[in-house]
Amino acid sequence: MRLLFTSLGSFGHTFPLVPLAVAARDAGHDVVFATSEDFLPQLTKAGLETAPAGLAMRDAFGRAFAEAGPPGPRRAPGEIPPEVLGPIVGKVFGELMPQRFVADLLPLFERVRPDLVVSEAGNSGGAFAAMKAGIPVVAHGFGRVSSDDPMVTRIRDAIREHGASLGITVGEDLAFAGPFIDICPESVQEPGFLARAHRVPLRPVGWSEPGELPAGVLDKPRPLVYLTLGTAMGHAGVLSAAIAGLSALDVDVLVATGPTVDPAALGEVPSNVRLESWVPQSELLPHVDLVVHHGGSGTTLGAFGAGLPQLLLPQGADQFSNADAVLAAGVGARLLAADITADAITSHARTLLTDTAVADATRRLAAEVAAMPSPTEVAAQLPTYA
């Protein structure tokens, strides 16, 4: 069978699909993965055949901000007022990205002639293109579904308008009209989504670019705390507060600064803190005792699977919804905005490293993740959806 996977070009939207794409290829299917050109090298490292499609996310946001008017002072995403950021996000994910994916994927379908399209849930253009071409399409989630967030509502409204312009009627949830491959454990998934979706559970198997773990991880002398704010919403001030708070504990701290924070902006760090611009996160998590992070879906789900307590410092997007789920599951804590101080981080981290109730909850959630169908098992189901 010929399969075409497609996603928005970003770590959080592309990497969750890689394990199933690899499993489908290993099962003997012809697999092509289409995303923005800047992300194709990541997929090549996974051994997948690739094709360019869609706008790079930075280019889409650049166009949206340019069309919105003269730029103001440079601010982190979490510092941009909702009344400014909302229309920008709606235009990017509900108009610019879908339009370009439809334009690029339709001729690609003519060349590849896929029997089934697996379209990442954030990439409505992938679903629209498949519908226009009369090709069966399956949605693939990238984390917990957020249905009541005003930003999500704005995006869905823009998607409905774009669908109507293509002659496609979009119901309450475009991506939920057919099978939805869901990598979020049922116990922490949004209840409304569970009630209305044709859900196909898939174990969240982390994938990251292959690489070596930093020295000292495998033979750590004391608890290891992993600190990251992800790849898109890094904030030097938040990282500095977290470093100050965590370094006060009898732990080692490994910080992944990511592409948006210059390590020099963090100044000199304590001796029990190590800065890295990048780490192979999926390989690192099994060796960690606590994750302090932004609440991105990949890190949240990875910590669920590894049975780790989490301290979330959400900055935007779906990170607030993920923080809510972590709190409800009893596997972590959350700090927002002005509450993100060194003292608060020290206190919460100390508790999370020692609380037996949290440890029990993380083990239960890890067991639930382990019991979910593997990528190989779900790949075997894909022909039934064609």
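A few remarks follow.
Listed here are the residues, each with its yes/no results for (1) among the aromatic types (Phe, Trp, Tyr); (2) not in a loop (DSSP other than H, G, I, E, B).
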{"position": "239", "(1), (2)": "no, yes"}
{"position": "242", "(1), (2)": "no, yes"}
{"position": "246", "(1), (2)": "no, yes"}
{"position": "249", "(1), (2)": "no, no"}
{"position": "260", "(1), (2)": "no, no"}
{"position": "270", "(1), (2)": "no, no"}
{"position": "278", "(1), (2)": "yes, no"}
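- The condition of being touching a strand residue (DSSP E or B) at 6+ places or on another chain (Cβ under 8 Å) and not assigned by TED's automatic domain parsing to the domain that holds residue 294 holds for only one of 211, 216, that being 216.
- Matching residues, the range 330-350, being in a loop (DSSP other than H, G, I, E, B) and more than 14 Å from residue 227 (Cβ to Cβ): 330, 331, 336, 341
- Among the strands (runs of 3 or more DSSP E) confined to the range 1-74, the ones with at least 1 residues that are in the same structural domain as residue 128 (by TED's automatic domain parsing), over 29 Å from residue 90 (Cβ atoms) and of a type in the set (Asp, Glu) are located at 30-35, 49-52.
- Residue within the range 104-114 that is modelled with pLDDT of 95 or more, part of a loop (DSSP other than H, G, I, E, B) and surrounded by fewer than 19 Cβ atoms within 10 Å (Cβ to Cβ) present: yes
- Applying the condition of being farther than 21 Å from residue 280 by Cα and of a type in the set (Val, Ile, Thr) to the range 192-244 and asking which residue is surrounded by the fewest Cβ atoms within 10 Å (Cβ to Cβ) yields 200.
- The residues listed here are 311, 301, 365, 353; of these, the one that is assigned to a strand (DSSP E or B), at pLDDT 95 or above and not assigned by TED's automatic domain parsing to the domain that holds residue 190 is 311.
- Looking only at residues of the range 12-38 that are out of contact with any Leu (no Cβ under 9 Å at 6 or more places or on another chain) and buried (at least 18 other Cβ atoms within 10 Å of the Cβ), we find that the one that is nearest to residue 109 (Cα to Cα) is 17.
- Residue list for the range 102-142, filter: among the hydrophobic types (A, V, I, L, M, F, W, C) and closer than 27 Å to residue 321 by Cα: 118, 121, 127, 128, 137, 138, 139, 142
- Residue check, residue 327 surrounded by fewer than 16 Cβ atoms within 10 Å (Cβ to Cβ) and assigned to a helix (DSSP H, G or I): yes
The values are calculated or read from the model by the stated rules, or taken from the named source; none is laboratory data. Predicted model only: the values in this text are computed from it and were never measured. When we count neighbours, we look across all protein chains shown, and the Cβ atoms used for this are built from the backbone with ideal geometry, even at glycine.
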